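Enquirer: Submitted below is the structure of interest, expressed as structure tokens.
The values are calculated or read from the model by the stated rules, or taken from the named source; none is laboratory data. Every value quoted in this text rests on a predicted model; they were computed, and no experiment measured them. FYI the Cβ positions are ideal-geometry reconstructions off the backbone, even for glycines, and counts take in every protein chain you see. Only protein heavy atoms, including side chains, enter the accessible area calculation; ligands, DNA and RNA are left aside. Shrake-Rupley method; radii C 1.70, N 1.55, O 1.52, S 1.80 Å.
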Amino acid sequence: MIKVIITGGSGLLGQYLNLAASGKYDILTNYNSNPGNCLRFNFANTDLRDEDRFNILFADFKPNIVIHSAAITNPIPKPDQNPKLYYDVNVKAAKNLAGLCEKFNSKLIYISTDLVYAGYRGSMLKEDAKLIPVSLYADTKLMGEVKIQGTLENYIILRTSLLYGFGLNHSRCHFHNMFEDLKNKKPVKLFIDQFRTPISIKEAARIIIELLQTEIKTEIINLGGMERNSRYELGEILCNEAGFDNTLLEKISMSDVPQLPKVEDVSLNTDKLQSFGIKPRSIKENIHELIKGN
């Protein structure tokens with residue numbers, strides 16, 4: 001059976017990757033602090049920055065594929081998060097993993113972000129669009145991309161759009177909080193002037209696992225949904241599908257959050273993804289499934 005290491009296994013996306021990959025692959029899922037659902041699978045509890053320990057993990061497990069989903073993702077750093085931490089986790093650890101993949105002949109799937117693109121150069125951006133990250137998170141993710149490309153050839157870089165859905169265990173996302181607030185009849189403030197192509201967490205995990213079955217390599221691929229939406233429009237779709245009161249939705253601008261790095265439009269063109277026979281479902285379909293299973 002093909003062996004797969006998943007980093008960030010207890011994260012928002014990582015826990016769904018664990019579920020999607022288990023049964024199809026022999027997985028080793030790694031977490032650092034919160035275990036999430038990792039304890040249900042073959043797991044390791046290792047800090048990404050511990051290069052010696054990861055060398056041992058690779059030597060013992062001998063992975064065919066590594067899905068690197070771990071990262072410091074906050075666009076606005078928390079008080080205990082400094083630039084060095086972002087660099088060590090998002091750049092240095094990515095380079096180390098790429099080196100280990102080269103050494104052990106493993107394929108690397110690197111989860112990057114749509115936020116590496118310039119947010120003012122139009123919409124439905126292709127993979128060759130201008131790259132101007134404006135946050136520390138996006139800047140270090142792009143640096144990670146560069147380190148990987150300079151280290152090995154057997155990689156896929158997935159520039160992933162806004163994830164929506166329900167977090168598992170301790171993990172949460174904006175959509176999850178919005179759902180609960182609307183369910184409890186609380187108002188929700190949503191941006192009307194930032195546009196992305198949201199994709200459900202579950203579907204993103206499914207697509208990533210589908211890509212493991214391909215021979216694709218040395219590719220950068222946009223991973224997003226089919227529709228360009230603001231967070232406010234996403235809230236409207238949720239209200240329509242769940243029967244929530246849409247008067248609880250409050251329109252705000254990014255300028256209302258002064259410390260937020262401003263990214264107006266990083267909606268993604270997914271023609272390349274679809275050329276590999278993978279077509280994301282609509283937001284309406286995914287939200288309907290989410291509500292039905294909740």
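Enquirer: Please give the FRET efficiency for Phe104 paired with Met226, using the beta carbon to beta carbon distance and R0 = 45 Å, rounded to the nearest 0.05.
Expert: Values: r = 36 Å, r/R0 = 0.81.
Computed FRET efficiency for Phe104 and Met226 comes out at 0.80.
Enquirer: For segment 208-294, rounded, prolate or oblate, judged on the Cα gyration tensor with a ≥ b ≥ c (square roots of eigenvalues), a/c < 1.5 rounded, else prolate if a/b > b/c?
Expert: Details: a/c = 3.01, a/b = 1.44, b/c = 2.10.
Judged from the Cα gyration tensor, segment 208-294 comes out oblate (a/c at least 1.5, b/c at or above a/b).
Enquirer: Could you give the angle, 0 to 90 degrees to the nearest 10, between helix 174-183's Cα long axis and the longest principal axis of the Cα atoms of the chain?
Expert: That helix lies at roughly 40 degrees to the long axis.
Enquirer: For the peptides 254-264, 161-171, what is the packing order when you average, over each peptide's residues, the other Cβ atoms within 10 Å and list the highest mean first? It would help to have the intermediate numbers written out before the result.
Expert: Details: 254-264: 13.3, 161-171: 20.4.
Top of the packing list down: 161-171, 254-264.
Enquirer: Also: What residue among Asp271, Asp139, Asp181 shows peak mean-square fluctuation when the chain is described by a Gaussian network model with Cα springs under 10 Å?
Expert: Looking only at Asp271, Asp139, Asp181, the biggest GNM fluctuation is shown by Asp181.
Enquirer: How large are Rg and Dmax for the chain when calculated on the C-alpha trace, in angstrom?
Expert: Spelled out, the Cα radius of gyration and Dmax of the chain are 18.5, 56 Å.
Enquirer: Which lysines, if any, have their Cα less than 18 Å from the Cα of Lys272, not counting same-chain residues under 8 positions apart?
Expert: By straight Cα distance, Lys272 reaches Lys126, Lys130, Lys217.
Enquirer: If you fit an axis through the alpha-carbon atoms of helix 93-104 and take the longest principal axis of the Cα set of the chain, what angle between them do you get, 0 to 90°, nearest 10?
Expert: So the helix axis and the longest Cα principal axis differ by about 40 degrees.
Enquirer: FRET efficiency for Asp128 and Phe276, Cβ-Cβ distance as r, R0 = 22 Å, nearest 0.05? Don't skip to the answer; put the middle values down first.
Expert: Numbers: r = 17 Å, r/R0 = 0.78.
The pair Asp128/Phe276 has a calculated efficiency of 0.80.
Enquirer: Return one number: the angle in degrees, 0 to 90 and rounded to the nearest 10, between the long axis of the Cα atoms of helix 231-242 and the longest principal axis of the Cα atoms of the chain.
Expert: Roughly 80 degrees between the two axes.
Enquirer: Tell me which aspartates and glutamates have Cα within less than 14 Å of Lys262's Cα, excluding those fewer than 8 residues away on the same chain?
Expert: Within the straight-line cut-off, Lys262 pairs with Asp114, Asp139, Asp193.
Enquirer: Follow-up. For every helix of n ≥ 4 consecutive DSSP H residues, a contribution of -39,500 (n - 2.57) applies; sum these over the chain, divide by its total residues, and give [θ] at 222 nm rounded to the nearest 500 deg cm²/dmol.
Expert: Values: 10 runs with 102 residues, N = 294.
Counting only the DSSP helices, I get -10500 deg cm²/dmol.
Enquirer: Measure off, as a whole percent, the carbon and sulfur share of the 1.4 Å-probe accessible area of the chain, all protein chains present. Please list the in-between numbers first.
Expert: Numbers: 6330 of 13160 Å².
That fraction is 48 percent.
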